[in-house]
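The values are calculated or read from the model by the stated rules, or taken from the named source; none is laboratory data. Source: prediction; values computed, not measured. Cβ sites come from the backbone with ideal geometry, for glycine too, and all protein chains shown count toward neighbours.
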Amino acid sequence: MKLRTRDFTAIMLAGIWVNASEFFRNQILLNADWVNHFQALGMIFPSAPLNALVWVIWGFVFATTIYVISKKFTLFETTMLCWVMAFLMMWLVTWNLNVLPLTILVYAIPLSLLESFVGSYICKKLPPKS
């Protein structure tokens, strides 16, 4: 698959969207929940610049994954496949490790579905059809 300028632009825009969405959800809306949960576990919530950089990389890897999957599946299928791979599986692992504050899921589930949908929409609609 040859990466054209419009494809690269779609990945970058989706990556910017994903990172902005992640930042809003986890650093503005739910930060206190994360910090309090980690404190209750006797831990410090990881928020050093290196942690932020890893999450930015995660966001662009997720956007690239959305782009690749969007070439083979419908918008709905892309949204759901990517959401399961990125969020549901991550939450299962973090819950299993006892570091997921379950109270965040009431916000995190719909916002992550929106994040996956908009990223998928960008990747489906911006590049021209092959």
**Item:** Residue satisfying all of: in the range 25-55; over 18 Å from residue 91 (Cα atoms) and surrounded by 13 or more Cβ atoms within 10 Å (Cβ to Cβ); farthest from the chain's Cα centre (by Cα) among these
**Value:** 47
**Item:** Close pairs (7 angstrom Cβ cut-off, 6 or more residues apart or separate chains): closer than 16 Å to residue 87 by Cβ in the range 13-38, at pLDDT 95 or above and among the charged types (D, E, K, R) anywhere
**Value:** 18/115; 21/115
